[in-house]
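A.B. asks: The structure is given below, and queries will be raised subsequently.
Rule-based calculations on the coordinates, nothing more; no lab input. Predicted, not measured: the structure shown is a model, and the values here were computed from it. Glycine also receives a Cβ, built like all others from the backbone with ideal geometry; neighbour counts cover every protein chain displayed.
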Amino acid sequence: MSSPAERRELLKAVYEEARECVRCPLHQTRTTVVFGSGNADADLMFIGEAPGANEDRIGLPFVGQAGKLLDTLLAEIGFERKEVFVANTVKCRPPGNRDPHPKEIESCHDYLRRQVALIEPAVICTLGNFSTKLLRGDTTGISRLHGREEVRVIGSRAVHLYPLYHPAAALYTPSMLETLRADFHRIPELLALGAPEQPSPLESLPEVEEPVPEPEEPPMPAAPEPAPQLGLF
Ligand code: URA
């Protein structure tokens, strides 16, 4: 078990690695790797979709209008941005703000898993479809899932996973904004639960195929009992 200071140093090392990342073609068009920002020991983490043009330029997540809305909603529940950790499913901007491709999301997933493992949040709010589908590992959409918390193991960490509408979508749809606000207001209740019971280190290891045991040598037939030597004694 590592201290918060040790985990923070390890997170910085992951950041240094991500800064040089060339795992997917997004590295060719990015200006900056937007690793994520905030409290490296946060109980509450938010995962958005992908950096946009402003984020790519500045190197921080959620710096535009959607970020302002995120800050407002956080303030309503008594939080400042620096108290939580905010990251995205992909760390580099998809050109022209297109959706990230599945291969790009997959290449970046390892960074997200390592962020979660090192930050050790109790609650992860996924913002919108991309992070919700990625962290739940299925295709159910955000309109069915928003506001429904569940315990999920992300990599090695059990968390309360809490899908929310993406603030960028809520900016333009007043009814969605009210739903997002109502869902947001339940976050303190989830934080009060604390982190769920953690899986044992062995349970959280990726499943490996059981080696097929070598067939055993067929047992040697028992040596025949010597026939009783009748008649000699
Ligand atoms: N939208 C996201 O999903 N992430 C950002 O960082 C900014 C906008």
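A.B. asks: Among ILE47, ILE105, which is the only one that is in contact (Cβ under 8 Å) with a residue 24 or more places away in the chain and near the ligand (Cβ under 9 Å from one of its atoms)?
C.D. replies: Going through ILE47, ILE105 in turn, just one is in contact (Cβ under 8 Å) with a residue 24 or more places away in the chain and near the ligand (Cβ under 9 Å from one of its atoms): ILE47.
A.B. asks: Let me ask you something else. Determine whether ASP56 is within 16 Å of the ligand (Cβ to nearest atom) and of a type in the set (Asp, Glu).
C.D. replies: Numbers: within 16 Å of the ligand (Cβ to nearest atom): yes; of a type in the set (Asp, Glu): yes.
When the stated conditions are applied, ASP56 passes them.
A.B. asks: Still on this structure: Within the set of pairs 6+ apart or on separate chains, which have a first residue in segment 110-138 that is farther than 17 Å from HIS166 by Cβ, a second that is away from the ligand (no atom under 13 Å from the Cβ) and among the basic types (Lys, Arg), and C-beta atoms under 6 Å apart?
C.D. replies: Between residues of segment 110-138 that are farther than 17 Å from HIS166 by Cβ and residues that are away from the ligand (no atom under 13 Å from the Cβ) and among the basic types (Lys, Arg), the close pairs are VAL116/ARG157; ALA117/ARG157; LEU118/ARG7.
A.B. asks: If you don't mind, there's one more thing I want to ask. Taking only pairs six or more apart or across chains, which ones have beta-carbon atoms under 6 Å, a first residue in segment 160-185 that is more than 14 Å from THR126 (Cα to Cα), and a second residue that is buried (at least 17 other Cβ atoms within 10 Å of the Cβ) and hydroxyl-bearing (Ser, Thr, Tyr)?
C.D. replies: MET176/TYR165
A.B. asks: So is GLY141 over 17 Å from PHE35 (Cα atoms) and loosely packed, with under 14 Cβ neighbours inside 10 Å or not?
C.D. replies: On the way: over 17 Å from PHE35 (Cα atoms): yes; loosely packed, with under 14 Cβ neighbours inside 10 Å: yes.
The answer is yes for GLY141.
A.B. asks: To continue, here is another question. Would you check if there is a residue in segment 81-101 being more than 16 Å from the ligand (Cβ to nearest atom) and crowded, with 19+ Cβ neighbours inside 10 Å?
C.D. replies: no
A.B. asks: Working carefully through the options LEU70, LEU74, LEU26, find the one that is touching a helix residue (DSSP H, G or I) at 6+ places or on another chain (Cβ under 7 Å), more than 12 Å from the ligand (Cβ to nearest atom) and within 20 Å of LEU134 (Cβ to Cβ).
C.D. replies: On the way: LEU70 fails: more than 12 Å from the ligand (Cβ to nearest atom); LEU74 fails: within 20 Å of LEU134 (Cβ to Cβ).
One residue alone meets the criteria, LEU26.
A.B. asks: In addition: Failed condition for ALA75, given (1) touching a residue at least 60 places away in the same chain (Cβ under 8 Å); (2) over 11 Å from the mean Cα position of the chain (by Cα), with all others met?
C.D. replies: For ALA75, the exception is condition (1).
A.B. asks: So which residues in segment 150-182 are in contact with a Lys or Arg (Cβ under 9 Å, 6 or more places away or on another chain) and surrounded by 20 or more Cβ atoms within 10 Å (Cβ to Cβ), if there are any at all?
C.D. replies: Correct list: ILE154, ARG157, VAL159, HIS160, LEU161, TYR162, PRO163, PRO167, ALA170.
A.B. asks: I would also like to ask the following. Pick out the one residue from GLY155, GLY128 that is small (Gly, Ala, Ser) and either touching a strand residue (DSSP E or B) at 6+ places or on another chain (Cβ under 9 Å) or within 16 Å of the ligand (Cβ to nearest atom) (or both).
C.D. replies: On the way: GLY155 fails: either touching a strand residue (DSSP E or B) at 6+ places or on another chain (Cβ under 9 Å) or within 16 Å of the ligand (Cβ to nearest atom) (or both).
Just one listed residue meets the conditions, GLY128.
Every residue, every condition in (1) in contact with a strand residue (DSSP E or B) (Cβ under 7 Å, 6 or more places away or on another chain); (2) among the charged types (D, E, K, R); (3) more than 24 Å from ALA195 (Cα to Cα), yes or no:
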{"residue": "ASP110", "(1), (2), (3)": "no, yes, no"}
{"residue": "GLN115", "(1), (2), (3)": "yes, no, no"}
{"residue": "ILE124", "(1), (2), (3)": "yes, no, no"}
{"residue": "LEU135", "(1), (2), (3)": "yes, no, no"}
{"residue": "VAL151", "(1), (2), (3)": "yes, no, no"}
{"residue": "TYR172", "(1), (2), (3)": "no, no, yes"}
{"residue": "SER175", "(1), (2), (3)": "no, no, yes"}
{"residue": "LEU180", "(1), (2), (3)": "yes, no, no"}
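A.B. asks: When you look at ALA50, is it farther than 16 Å from PRO94 by Cβ and crowded, with 18+ Cβ neighbours inside 10 Å, yes or no? Reasoning before the result, please.
C.D. replies: Values: farther than 16 Å from PRO94 by Cβ: no; crowded, with 18+ Cβ neighbours inside 10 Å: yes.
No: the conditions fail for ALA50.
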